[in-house]
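Below you'll find the structure, written out as structure tokens, and then a few comments.
The values are calculated or read from the model by the stated rules, or taken from the named source; none is laboratory data. This one's a predicted model, so the numbers in the text were calculated from it and none came from an experiment. Positions of Cβ are generated from backbone atoms using ideal geometry, with glycine treated the same way; all protein chains shown enter the neighbour counts. In case anyone asks, the SASA skips ligands and DNA or RNA and just uses the protein heavy atoms, side chains included. Shrake-Rupley method; radii C 1.70, N 1.55, O 1.52, S 1.80 Å.
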Amino acid sequence: QVQPVESGGGLVQAGGSLRLSCVASGSIFRLNTMGWYRQAPGKERELVASHSNGDYTLYIDSVKGRFTISRDDAKNTLYLQMNSLKAEDAAVYYCNTNRLHYPWGQGTQVTVSS
């Protein structure tokens, strides 16, 4: 499989917002739960939010109420709207299925300044 392509990251002040996008190939996207993962320096990669191929979504506690995951299956695109960003949200963000079908992409860097 071709690796997903993530975009939308950048430098933002604490309290600001970003919208991440991920384009992934093939029917794997439409048939599977998709997730946003992040990895901060010196930390393990973690699953931040997931969206089933229906309407079910899950979030880790630290982003509930601030992040919103969505998907457009017609475009094979996954989104992550991030509001009220905090310093601890800074990381490289990646997308993949919940079973890691894709090779990891380059990710998109999110930097939060205080």
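Per-residue answers, yes or no, for (1) over 26 Å from S113 (Cα atoms); (2) of a type in the set (F, W, Y):
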{"site": "Q3", "(1), (2)": "yes, no"}
{"site": "G15", "(1), (2)": "no, no"}
{"site": "R45", "(1), (2)": "no, no"}
{"site": "A49", "(1), (2)": "no, no"}
{"site": "R71", "(1), (2)": "yes, no"}
{"site": "Y79", "(1), (2)": "no, yes"}
Next item on the list: Within segment 29-45, track down each residue that is in contact with a strand residue (DSSP E or B) (Cβ under 6 Å, 6 or more places away or on another chain), open to solvent by 30 Å² or more (accessible area, probe 1.4 Å) and within 14 Å of A90 (Cα to Cα).
Entry: Q39, R45
Item checked: Every residue from segment 1-27 that is outside any strand (DSSP E or B), over 19 Å from I69 (Cβ atoms) and touching a Ser or Thr at 6+ places or on another chain (Cβ under 7 Å) -> Q1, V2, A14, G15
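Matching residues to (1) at pLDDT below 95; (2) surrounded by 16 or more Cβ atoms within 10 Å (Cβ to Cβ):
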| position | (1), (2) |
| --- | --- |
| V2 | yes, no |
| A24 | no, yes |
| V48 | no, yes |
| K64 | no, no |
| C95 | no, yes |
| L100 | no, no |
| P103 | no, no |
Note to self: Consider segment 16-48. How many of its residues are over 18 Å from Y102 (Cα atoms) and among the hydroxyl-bearing types (S, T, Y)?
What the structure shows: 1
Note to self: Of everything in segment 105-114, what is in contact with a helix residue (DSSP H, G or I) (Cβ under 9 Å, 6 or more places away or on another chain) and open to solvent by 70 Å² or more (accessible area, probe 1.4 Å)? Give them in sequence order.
What the structure shows: S114
